[in-house]
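A short worksheet on the structure shown next.
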Amino acid sequence: MTAGLAFFARFVLVSSLAFWVWGSVSGHYLATLVPAVNGAYAACGLPVTLDLRGGDLVFLYDRLGGGVLKLQALGHESVYLNLVAAISLLAATANRSLRWMAGWMGLAAALLWLTHVGSFFAAGQIAVWEYAGSLGPAERAALIHDVGFLLPYERSLWLQRGLELWNVWSRYAVGTGLWFLAVATSRPEAARAAAPARTRPRLGLAPARAAAR
């Protein structure tokens, strides 16, 4: 029980500090996501681009008439905060080496970065249809005419369902599962130090027998 409370206290302290620091570096992290998401859009031939304007993310949709529809990605911070939680779990784990922490933190960052790219890739195809639902019949028909062929409504429905399930069940479970795997497959530093060291047998000569008189 004492060890569990100590870990919880460390996690609260580390995560509080991490979330405070994250406010200063989140913009740089978003700058790494934008080109990857736009590369995925371009590879799929979708008329969407993701743009970082200040601290805001904006989806831009090319319309057939030559105009551009701009939609702000609201609440985008919640997409990548699981990275802060996962790193905090690893940092709060006691009796692990800096090499162990750095390796697993790097793996967590790479894996969750990929999920964040996927989340924004899906969100860009969903947002335009959510916006279309708020328009009048004529405006909605014009928007569907402009983007509906390359961004089908049916696809947006299953993307939305998948993203909802991801946000509810998997967003934080991936980071937590990775931390559990890291802890389960390693031993604390103290345990390794206490383990008996394997020594090679020394080679020596047997004592010479006394000469018989």
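Once phi is turned into θ = phi - 60°, what whole-Hz ³J(HN,Hα) does the Karplus curve with 6.51, -1.76 and 1.60 give for every residue of the stretch 138-151, x standing for Gly and Pro?
Residue by residue, the stretch 138-151 yields 5, 5, 5, 5, 5, 5, 4, 5, 6, 10, x, 6, 8, 10 Hz.
Relative contact order (percent) for the stretch 15-186, with alpha-carbon contacts under 8 angstrom and 6 or more residues of separation? Could the numbers behind the result be given before it?
On the way: 150 pairs, mean separation 41.2, N = 172.
Computed value for the stretch 15-186: 24 percent relative contact order.
Can you give the alpha-carbon Rg of the chain over 2.2 N^0.38 Å, where N counts its residues? Could you put the intermediate results ahead of the total?
On the way: Rg = 27.1 Å, N = 213, 2.2 N^0.38 = 16.9 Å.
Taking N as the residue count of the chain, the ratio is 1.61.
Add -39500 (n - 2.57) for each DSSP H run of 4 or more in the chain, then divide by its residues: what number comes out at 222 nm, to the nearest 500 deg cm²/dmol?
Values: 7 runs with 137 residues, N = 213.
Result for the chain, helices only: -22000 deg cm²/dmol.
Please turn the phi angles of the stretch 168-182 into ³J(HN,Hα) values with the Karplus equation 6.51 cos²θ - 1.76 cosθ + 1.60 (θ = phi - 60°), one per residue in order, whole Hz, x for glycine and proline.
Result, ordered by residue: 7, 10, 10, 4, 8, 5, 5, x, 5, x, 5, 5, 4, 4, 4 Hz.
Working from Cα positions, state the angle (0 to 90°, nearest 10) between the long axis of helix 98-132 and the longest principal axis of the chain.
Tilt of helix 98-132: around 10 degrees.
At q = 0.22, 0.27, 0.28 Å⁻¹, work out log10 I(q)/I(0) for the stretch 17-87 with the Debye formula, treating every Cα as an identical point scatterer and leaving solvent out; two decimals please.
-1.01, -1.28, -1.32
Please go through the stretch 60-146 and write out the GluC sites (Glu not before Pro) that DSSP classes as loop and that have at most 16 other C-beta atoms within 10 Å. Could the numbers behind the result be given before it?
Numbers: sites: GLU77, GLU130, GLU139; in loops: none.
Filter output for the stretch 60-146: empty list.
Here, each number is a calculation from the coordinates, and none is a lab measurement. Everything numeric in this text was worked out from a predicted model, so none of it was measured. Every residue, glycine among them, receives a Cβ derived from its backbone with ideal geometry; neighbour counts consider all protein chains shown.
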